[in-house]
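A.B. asks: Structure incoming, see below.
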Amino acid sequence: METLQGTYMSNQRGFGFVKIEGQSSDIFIAKENSNTAMDGDVVNIILLDQTHGTHIEGKVVKIIKRKISQVVGTFKKSRNFGFIIPDKNEKIEDIFISKSKWGKAKNNQKVVVEITKYPEKGKKAEGKIIEILGYSDETGVDMLSIIKSFNLPYEFPNEVLKEAKKVSKEIITPGGRLDLRNVEMFTIDGEDAKDLDDAVNVVKNEDETYTLGVHIADVSHYVKEGSLLDKEAILRGTSVYMLDRVVPMLPVELSNGACSLNQKEDRYAMSCIMQIDKNGKVISSDIKKSIIKVTKRMNYHDVFDIIERKNEKVLKENEQYISHFDNMKELALILKQRREKEGYLSLDIPESKITLDEYGYPIDVKPYDINFANEIIEQFMLTANETVAERFYWLKAPFIYRVHEKPDEEKITELNKYLYNFGYRIKGKKDDVKPKAFQTVLEDVKGKEEESVISNLLLRALKVARYEAENKGHFGIASKYYCHFTSPIRRYPDLFIHRIISKYLELNYNVEESLQAKYNKQAIKYADISSECELNATKAERESEDMKKAEYMEGKIGEVYEGIISSVTKFGIFVKLENTIEGLIRFENLEDDYYIYDENTKSIVGKHLKKVYKLGDKTEVEVIDANKELRRIDFKIYNQSESK
């Protein structure tokens, strides 16, 4: 029979899917047909003459390449042998450890295991302990376990650190750059940010146009192509933000030092200077190598207080700069209005702000506080990214674009089933849906109770953005040309783009075909690596959040919260609380009736009492269980009569 090759993605419940390049629908693999395949393995499969829901079923016939070589878990010790219970995110069953392979590990310690023998039919995997992380209740061990589990490069090699220290000591001189040190400009970030890679300034012109300057740290000046720093940055791909720590792409000597746009310090930059008309259209632009000196470091809260005239103390401290921030607000509003007309999707999905104490224990979880100052920076960065992408697209330059393709037809069909219950619908052709169709629903739902649920539904229907060497546009921001130019300290595609821009400026845009071919090859390679690194980083960040949310709720057993039903499944309903924490009400914990899942209405209905639970419903829930290790939070419907 004909075999197909793809990547196996496992599920905690034993089954899995195989993703085949070029095919939009994954192949379902039942547990008995997985042939010991593990998450991430490259496998050969044959198709079976049956389906599972909307998926064709398949069977793994050969493991081509194993992905997992190391696993993090808890060591369980017996007299003559031991085994590892893998952490929740490690998609593999227990691993056998012989006495000679456990070293100095003690019972119940978190360890890193190297797999020496992969599972065979009827036999578990075998391994040896190569690193002891400590007991799970020791400060920092939980986060370290996630870092190791996702194979994040936590420490820099000594040779890379030596190179970083050496290049960071370079004396900064104009050296033929555009000297902007006398131009007043500002960084606007969160209070705890340390790697400041963008500064902005806005001038309102007499002809009712605006001049927007977006000045980005010129990391490519320090991280030279082929250097040890460059090779390490390619491997890392991105900085990973893990609540109480950062796994940076570049050593702190650069990320927090020489490259960071610190207040009143000379810095090398890449400046994108744009003239924008009163309708928010960029009518001219230029990109220059520059030297800048940030006038003042600002944070989002202070800038918001200034533009809203809220805090007298902050206003007095920044009295001489108020007109700058007023211009920024004015231009950001114009840019946002222009984007919204084009179909830009502004999804109202609050991020979580998790506060940890000195021991790493979560003491507060709430929505991240976002105001219009955040919007100012977002609009300016979007505009710079679009401007740079469009310029180099028409130059046919080797480049890395940020690509976000339109949703699949079946996703739109599925989404409309959910939206129907709320009285909404994605209009237009399903095979050629426009961003505006999504944005119309977002406008209709604005300010309503179900807004967050609808935003999440729309997000799930969208494809995942990725990096590519070919421009395919960005659906989410309704843009034909888009790239990531504005964060070269923490993202490799931005650094690569800066290197391309620098080369084109150096050669006055006369780049030989051989050099273009070389960079084209690099763009394809680095786009793939960066997409993979970004996906891994996102999973690790999400895992750390899920763990700390579950740990926070371990101390809230018996407490009652109001939430909104965010998802309805065959095994229960998910409820999201106002503090952004989500928990599951399992069917067995719905004790007042026998409930039946309705696929068409995406709801559950009581067989006898006919009570219905559906998406967007508000409900009071009681926390009945939480488990940090399993990243699990369980609720039940709060019954006031039971509590009396």
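A.B. asks: Being of a type in the set (Lys, Arg) and either in contact (Cβ under 8 Å) with a residue 40 or more places away in the chain or not assigned by TED's automatic domain parsing to the domain that holds Tyr359 (or both): is that true of Lys503 here?
C.D. replies: So Lys503 fails the test.
A.B. asks: For residues that are surrounded by 15 or more Cβ atoms within 10 Å (Cβ to Cβ) and either free of Cβ contacts under 8 Å to residues at least 12 places away in the same chain or of a type in the set (D, E, K, R) (or both), tally how many sit in the stretch 540-553.
C.D. replies: Selection size over the stretch 540-553: 7.
A.B. asks: Right, next: What tally of residues in the stretch 125-182 results from selecting those that are among the small types (Gly, Ala, Ser) and under 24 Å from Glu225 (Cβ atoms)?
C.D. replies: 4
A.B. asks: Follow-up question, since we're still on this one. Tell me yes or no: at least one residue of the stretch 257-273 is of a type in the set (Phe, Trp, Tyr) and under 18 Å from Ile497 (Cβ atoms).
C.D. replies: Taking every residue of the stretch 257-273 in turn, at least one turns out to be of a type in the set (Phe, Trp, Tyr) and under 18 Å from Ile497 (Cβ atoms).
A.B. asks: Which one is surrounded by the fewest Cβ atoms within 10 Å (Cβ to Cβ) among residues in the stretch 435-479 that are of a type in the set (Val, Ile, Thr) and more than 30 Å from Tyr526 (Cα to Cα)?
C.D. replies: Checked the stretch 435-479; the qualifying residue surrounded by the fewest Cβ atoms within 10 Å (Cβ to Cβ) is Thr440.
A.B. asks: Considering every residue within the stretch 324-344, establish whether at least one is within 27 Å of Leu196 (Cβ to Cβ), assigned by TED's automatic domain parsing to the domain that holds Tyr210 and under 22 Å from the mean Cα position of the chain (by Cα).
C.D. replies: yes
A.B. asks: Which one is surrounded by the most Cβ atoms within 10 Å (Cβ to Cβ) among residues in the stretch 27-50 that are at pLDDT below 90 and touching a Phe, Trp or Tyr at 6+ places or on another chain (Cβ under 6 Å)?
C.D. replies: Filtering first and then ranking leaves Ala37.
A.B. asks: Can you name the residue in the stretch 9-37 that is under 22 Å from the mean Cα position of the chain (by Cα) and assigned to a strand (DSSP E or B) and, of all such residues, is nearest to Lys123 (Cα to Cα)?
C.D. replies: Restricting to residues being under 22 Å from the mean Cα position of the chain (by Cα) and assigned to a strand (DSSP E or B), the top hit is Ser10.
A.B. asks: Please give the number of the condition Ile95 fails out of (1) over 20 Å from Phe150 (Cβ atoms); (2) modelled with pLDDT of 90 or more; (3) of a type outside the set (Asp, Glu); (4) over 30 Å from the mean Cα position of the chain (by Cα).
C.D. replies: (1)
A.B. asks: Within the stretch 556-576, which residues are out of contact with any Ser or Thr (no Cβ under 9 Å at 6 or more places or on another chain), in contact (Cβ under 8 Å) with a residue 24 or more places away in the chain and surrounded by fewer than 18 Cβ atoms within 10 Å (Cβ to Cβ)?
C.D. replies: Lys556, Ile557, Gly558, Glu559, Thr569, Lys570
A.B. asks: Between a first residue in the stretch 348-361 that is of a type in the set (Gly, Ala, Ser) and a second residue that is assigned to a loop (DSSP other than H, G, I, E, B) and surrounded by fewer than 15 Cβ atoms within 10 Å (Cβ to Cβ), which pairs have beta carbons less than 6 Å apart while being 6 or more apart in sequence or on different chains?
C.D. replies: From the stretch 348-361, the pairs are Gly360/Thr139; Gly360/Gly140.
A.B. asks: Between a first residue in the stretch 149-164 that is on the phi > 0 side of the Ramachandran plot and a second residue that is part of a helix (DSSP H, G or I) and surrounded by 13 or more Cβ atoms within 10 Å (Cβ to Cβ), which pairs have beta carbons less than 8 Å apart while being 6 or more apart in sequence or on different chains?
C.D. replies: Asn151/Asn536
A.B. asks: Would you confirm whether any residue within the stretch 137-149 is of a type outside the set (Asp, Glu), buried (at least 19 other Cβ atoms within 10 Å of the Cβ) and in a loop (DSSP other than H, G, I, E, B)?
C.D. replies: Checking the stretch 137-149: not a single residue is of a type outside the set (Asp, Glu), buried (at least 19 other Cβ atoms within 10 Å of the Cβ) and in a loop (DSSP other than H, G, I, E, B).
A.B. asks: Kindly indicate which of Phe438, Phe496 is on the phi < 0 side of the Ramachandran plot, of a type in the set (Phe, Trp, Tyr) and not assigned by TED's automatic domain parsing to the domain that holds Val223.
C.D. replies: Sole residue among the options that is on the phi < 0 side of the Ramachandran plot, of a type in the set (Phe, Trp, Tyr) and not assigned by TED's automatic domain parsing to the domain that holds Val223: Phe438.
A.B. asks: Which condition breaks for Pro153 when tested against (1) surrounded by 18 or more Cβ atoms within 10 Å (Cβ to Cβ); (2) touching a helix residue (DSSP H, G or I) at 6+ places or on another chain (Cβ under 6 Å); (3) not in a helix (DSSP H, G or I)?
C.D. replies: (1)
Yes/no per residue for (1) within 30 Å of Phe422 (Cβ to Cβ); (2) out of contact with any Asp or Glu (no Cβ under 8 Å at 6 or more places or on another chain):
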{"position": "Tyr504", "(1), (2)": "no, yes"}
{"position": "Ser514", "(1), (2)": "no, yes"}
{"position": "Asn520", "(1), (2)": "no, yes"}
{"position": "Thr538", "(1), (2)": "yes, yes"}
{"position": "Glu541", "(1), (2)": "no, yes"}
{"position": "Ser566", "(1), (2)": "yes, no"}
{"position": "Leu590", "(1), (2)": "yes, yes"}
{"position": "Tyr597", "(1), (2)": "yes, yes"}
{"position": "Lys602", "(1), (2)": "yes, yes"}
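A.B. asks: What number of residues in the stretch 410-434 are more than 26 Å from Ile604 (Cα to Cα) and either touching a Ser or Thr at 6+ places or on another chain (Cβ under 7 Å) or surrounded by fewer than 21 Cβ atoms within 10 Å (Cβ to Cβ) (or both)?
C.D. replies: The total comes to 7.
The values are calculated or read from the model by the stated rules, or taken from the named source; none is laboratory data. Just so it is clear, the structure is predicted and the values come from calculations on it, not from any experiment. Every residue, glycine as well, gets a Cβ built from its backbone with ideal geometry; the counts of neighbours run over all protein chains shown.
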